[in-house]
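Below is one structure, written out as C-alpha cells; comments come after it.
What follows draws every value from the coordinates through simple rules; no lab data is involved. These numbers come from a predicted model, not from an experiment. Using ideal geometry, Cβ is built from the backbone for each residue, glycine included, and neighbour counts are taken over all protein chains shown.
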Amino acid sequence: MKKLVLLIAFCGIFIMDTKAQTTLKMEPVTTPIYTLWGTDPSTIDRPSTPSALTTSLLSNLTQGGLPNNYAMSVAPYWLQPRYDLSFEKDYGKVWNNIRETFSASVATNHTTDSNALSQGGLGFKFQLLQGKANTKLMDSLSAYQTKVLQESMKAAPDQAKITSYQTAAKNFAQQLAERRLGSIVQISGAISADFAQNQFTNGKFNAFGIWPTYTFRTPYLDFTAIGRVIGYNMNDKIETATDIGGQLGLTYERLNISAEYVYRLQSNLSTTDETTNRYSVMIEYKLTDNAYLQYAFGKNFVSPFTPQTNLITLFGFNLGIGTSQQLSGVGS
Amino acid sequence: MNTVTLNETVQVSADASQVELSVVVGNRQYGTILVVIDGNVVTQGSIITDYVLGSASDLNGKQVIVRSVVNDVNTATNMTTMKYTFDDGTNTKNFKATGEVEEDFAMIGYVATFTISAS
C-alpha cells in the first residue's frame, strides 16, 4: 500500500513539475496492458502517437486499494519544448522515431468474474517506422495558412474569410497528423500482476508480452498484421499463448470502422481448447476532441481464465475534460 | 485563434556587412512564416534559414516583423514553438516563444517584432 501511495504521489509531482510545458489530456488511454487483460474491444492496437500526458477519467477512484479501471500514459519526449525540431528535420530516422513515439503507461483493472481480482500493469510502446507525411496535404495546408496571413495583413481584414481559411487549414492539419502513409512498425510490451483481496503484499505476477505490429496505411485504409507471444503465470510456471492475426480499418473524417481476426495457439494453457480465435467489429465516432462514441461486437477467445464469457459487446461514451491554453514569449 | 506577440530589440554589430535571420517552427508542428520589412514581404516559407536581411547600417532603426501561423499537426502535443535567430557574423541572438492551440489541429498566430539597433 505504501508503494502505491508513493507511486500516486510521484505521478502528482510529475504532473505539477511538467505543467509549464504540457497539459494533461483527459481521454481514453490505449495501452498494451489491455491486450494482456483482454479488456479492450480491439486486441490489435492501430498505431498512434500518444499525447504527452494522458489519463482516463478518475471517476472510479476507490479507497484502500488500487484505483478502479484507471489508466495513464506519458510520452516523455514531449514534456518539454523542442524548438529546433521542425516538421521535416531528420524525418524518418529510426532513433528519432523511437524517442518521439515512446510512451509508458500504467493501468488498473478489477475483474468481474468470480475471482474478483485487482490487477495492475505497466506497458510501453514505440514506433520504429512512422510512415511518411502526405506532401499534398502539406501543400494544401501551406496554401490556406498563407491566405490567413495575407488576409490578416490587410488594412480591413475580412474575418469571415479568415475563419473559413482556418477551418480548411484545420481539416488538412488533422489529416496530416493522423494519416501518415506507408509502412508503420510499432513495438508494444506490457507486464501485469494480480492483487488478491486488494492487498499489495498479495501481488503476484500474472502475464507479460512483447510484440510487433505492422501497418500499411493509405489515405483511408489501414491493413494491420500482428504476431504475438504472451506468457502467463500458470501456478508459478510460465506458459505461452501465440497469436497471429490481422485487422482492416477504415477512417473517414471522424469515423473509424475496423474488423479484426486473431487466431490463438494455447495448447499450453488449456486442456479443452488447444486453439481458439477472436473476431470483432468496432465502430468509433469522434464527437469532439475529447468525446468518443464507441460500439463493438464480436467473439472473444475461449480463455482458461474466464471460460464463461467470450462475447464482446460494448456501447460506450467517453467524455474528457476541457483544458486551458498556455501562451508565452521569451527573449534570450 | 490564440496569438502570441513578441517585441524585442536586436543589438547587432554596426560594421556587420550582413545580418541573417533564421526562423524555425518547432515541436514537429507545421506553419507558414512571412518576414516583413518596411511593409513588404521579403521572404516566406515553412522554415527560414539564414535569410540575409541586409547590412547593419541599412537595418539600423528598422523593424523586422515576422508573422507566422502554425497548425497543430503533432498528436503528441498541442504546444507549438517558434525560434528566431539573428546572426551578424560575430554574434548570434536567439528568441523563443511558445503557445498552445485552442483545440487539436487548430491554428495559432505569432507576431514577432524585432527592432534592429546597430552599435
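Below are the figures for this structure:
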read-out	value
Count - residues of the stretch B:93-108 that are surrounded by fewer than 19 Cβ atoms within 10 Å (Cβ to Cβ), touching a residue at least 12 places away in the same chain (Cβ under 8 Å) and not in a loop (DSSP other than H, G, I, E, B)	1
Matching residues, the stretch A:78-98, being assigned to a loop (DSSP other than H, G, I, E, B) and more than 7 Å from chain B (Cβ to nearest Cβ)	A:Q80, A:E88, A:K89, A:D90, A:Y91, A:G92, A:K93
Candidates B:S22, B:S46, filtered to the one that is touching a helix residue (DSSP H, G or I) at 6+ places or on another chain (Cβ under 9 Å) and on the phi < 0 side of the Ramachandran plot	B:S46
Among (1) outside any strand (DSSP E or B); (2) buried (at least 18 other Cβ atoms within 10 Å of the Cβ); (3) under 20 Å from the mean Cα position of the chain (by Cα), the one test that A:Q127 misses	(1)
Yes/no for B:S68 being of a type outside the set (A, V, I, L, M, F, W, C), within 30 Å of A:Q174 (Cα to Cα) and without any contact (Cβ under 8 Å) to a residue 24 or more places away in the chain	no
Among (1) farther than 23 Å from A:N171 by Cβ; (2) touching a residue at least 24 places away in the same chain (Cβ under 8 Å); (3) more than 12 Å from the chain's Cα centre (by Cα), the one test that B:G39 misses	(2)
Long-range neighbours under 6 Å by Cβ, at least six apart or interchain, first residue away from every other protein chain (no Cβ under 14 Å) and closer than 12 Å to A:A133 by Cα within the stretch A:169-189, second surrounded by fewer than 17 Cβ atoms within 10 Å (Cβ to Cβ) and β-branched (V, I, T)	none
Single unsatisfied condition, B:I37 versus (1) surrounded by 15 or more Cβ atoms within 10 Å (Cβ to Cβ); (2) closer than 25 Å to A:L137 by Cβ	(2)
Residue in the stretch B:93-119 that is farthest from A:K89 (Cα to Cα), counting only those that are touching a helix residue (DSSP H, G or I) at 6+ places or on another chain (Cβ under 7 Å) and more than 8 Å from chain A (Cβ to nearest Cβ)	B:A118
Of residues in the stretch A:145-156 being facing chain B (nearest Cβ under 9 Å) and under 20 Å from B:V73 (Cβ atoms), the one surrounded by the most Cβ atoms within 10 Å (Cβ to Cβ)	A:Q145
